[in-house]
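> Here it is, the structure in full.
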Amino acid sequence: MEFVPIAFVDALCTRLEYEDLEELKEIENLWSSLAETHYTKRRHFSLYLNMNGDGTQVGMEIWQSVGDPLVPHSSLSKYDRINYILVEAEYYTDLPASYQCYNLHCFRTKVWPVLQSSAAHYSMDKSFKMPTKSQKMLSEILFSSLQGHIFSLKSWYTGPECIKFIEKQVDLGHIKSIELSSEEGWPQSLKSTLKFFLKCPNFASLEMGYSNLTVDLDMATLIVERFVGGDYSFAFFRGRASFTPEMLKGVHQESIVSDAADLYSWNTTTVDSVVWSAPDWLLGAFFYTDKNVLLKIYKPSSFDC
């Protein structure tokens, strides 16, 4: 280990998460001093992006915490990390003066490469509003070039690069949560990737209820099988069901709680449920009037009144 080139160790430290650097700096060797430097100097930033109406200018804001002074991208160093990215959906003919603004060519060739290199471990969020055509184009630029590992993704459908990005990140295996919006656009072929995601060790949640994709019986079965197999690490899975409660009741019948009405009677939008039990845990599949089904893991005490 002492013969590993310093440049390699330095480059490795730029890719490590904060917690990993904390452990590495405790080791008494060459690695510890470099890890200490990266640990001490690392800063975490949020990146907000937007594009004007005709798609010719990109505006951005970079800051550590809400209320802090904005940070110019040129001040970012190899020690800094962007761990949150949001493409905003406010429509502007001309971007506000608060943004750092660049023409599209300058952003793609000079600004974005700097930002991209700082996004090693990050989450991507979506705005509540449907993005405009230019904002979708900006999102596609990000999806086509972002590397590193994403932990959480919330996205509207923006185009083919969005699909490729999701497929790549699921294959990498670090992503924990996905939320898909848009009532049109998402291809049915994406469901094979989402089924693989449901089986990944890091899977925590999948929200499809705001998309045009439906939850198939085999997708719900994957969740039940994780639970019955003793995996209680995930949180929830929701989407429009393409199957009936009766069909789901045929999955691992031996673990189904016979009378679970009290678990959902408080919610007037719930029309039916199926509940599986395990030591100290329950898995509920709750069917709603809007055709959505929610599969969620609970502690039995969660239902105590």
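The values are calculated or read from the model by the stated rules, or taken from the named source; none is laboratory data. Quantities reported herein were computed from a predicted structural model and do not represent experimental measurements. Here the Cβ positions follow ideal geometry from the backbone for every residue, glycine too, while neighbour counts run over all protein chains shown.
> In the list ILE163, ILE178, which residue meets the criterion of being crowded, with 20+ Cβ neighbours inside 10 Å and either in contact with a helix residue (DSSP H, G or I) (Cβ under 7 Å, 6 or more places away or on another chain) or over 24 Å from TYR18 (Cβ atoms) (or both)?
ILE178
> Within the range 1-52, take every residue that is at pLDDT 90 or above and hydrophobic (A, V, I, L, M, F, W, C) and give me the one that is farthest from PRO72 (Cα to Cα).
The qualifying residue farthest from PRO72 (Cα to Cα) is MET51.
> Within the range 149-160, track down each residue that is crowded, with 19+ Cβ neighbours inside 10 Å and not aromatic (Phe, Trp, Tyr).
ILE150, LEU153, SER155, THR158
> Moving on to the next point. Within the range 110-163, which residues are in contact (Cβ under 8 Å) with a residue 60 or more places away in the chain, of a type in the set (S, T, N, Q) and not in a helix (DSSP H, G or I)?
Scanning the range 110-163 gives SER118, THR132.
> Would you confirm, using the coordinates I've provided, whether VAL87 is under 21 Å from LYS126 (Cα atoms) and loosely packed, with under 14 Cβ neighbours inside 10 Å?
no
> If you go through the range 274-300 one residue at a time, how many are modelled with pLDDT of 90 or more, out of contact with any Leu (no Cβ under 6 Å at 6 or more places or on another chain) and farther than 18 Å from GLY229 by Cβ?
8
> Which count do you get for residues in the range 231-252 that are out of contact with any Gly (no Cβ under 9 Å at 6 or more places or on another chain) and either in a strand (DSSP E or B) or of a type in the set (Val, Ile, Thr) (or both)?
5
> Condition check: small (Gly, Ala, Ser), at positive phi and modelled with pLDDT under 90. Does GLY55 satisfy that?
no
> List pairs: first residue in the range 213-226 and within 8 Å of LYS191 (Cβ to Cβ) and without any contact (Cβ under 8 Å) to a residue 40 or more places away in the chain, second residue aliphatic (A, V, I, L, M) and in a helix (DSSP H, G or I) anywhere in the structure, Cβ distance under 8 angstrom, at least six positions apart or on different chains.
What qualifies is LEU213/LEU190; LEU213/LEU194; MET219/LEU194; MET219/LEU198.
> Can you confirm whether the range 119-142 contains a residue that is among the aliphatic types (A, V, I, L, M), in contact with a helix residue (DSSP H, G or I) (Cβ under 6 Å, 6 or more places away or on another chain) and within 15 Å of ARG81 (Cβ to Cβ)?
Scanning the range 119-142, I find at least one residue that is among the aliphatic types (A, V, I, L, M), in contact with a helix residue (DSSP H, G or I) (Cβ under 6 Å, 6 or more places away or on another chain) and within 15 Å of ARG81 (Cβ to Cβ), so the answer is yes.
> For ILE223, state whether it is hydrophobic (A, V, I, L, M, F, W, C), modelled with pLDDT of 95 or more and more than 24 Å from ASP290 (Cβ to Cβ).
no
> Which of the following residues is crowded, with 17+ Cβ neighbours inside 10 Å and assigned to a helix (DSSP H, G or I): LEU21, LEU95?
Matching residue, one of LEU21, LEU95: LEU21.
> Inspect all residues belonging to the range 185-194 and state whether any of them is touching a residue at least 40 places away in the same chain (Cβ under 8 Å) and charged (D, E, K, R).
For the range 185-194, residues touching a residue at least 40 places away in the same chain (Cβ under 8 Å) and charged (D, E, K, R): absent.
> Any idea which residue in the range 113-138 is surrounded by the most Cβ atoms within 10 Å (Cβ to Cβ), counting only those that are closer than 15 Å to MET60 by Cα and over 21 Å from the mean Cα position of the chain (by Cα)?
Residue satisfying both the conditions and the ranking: SER134.
> Here's a follow-up. Name the residues in the range 173-195 that are among the β-branched types (Val, Ile, Thr) and in a strand (DSSP E or B), would you?
ILE178, the sole residue that qualifies.
> Name the residue that is surrounded by the fewest Cβ atoms within 10 Å (Cβ to Cβ), counting only residues in the range 25-70 that are hydrophobic (A, V, I, L, M, F, W, C) and farther than 23 Å from PHE107 by Cα.
Selected residue: VAL66.
> Additional query: Residues in the range 56-70: is at least one in contact (Cβ under 8 Å) with a residue 12 or more places away in the chain and touching a Cys at 6+ places or on another chain (Cβ under 6 Å)?
Yes, the conditions are met somewhere in the range 56-70.
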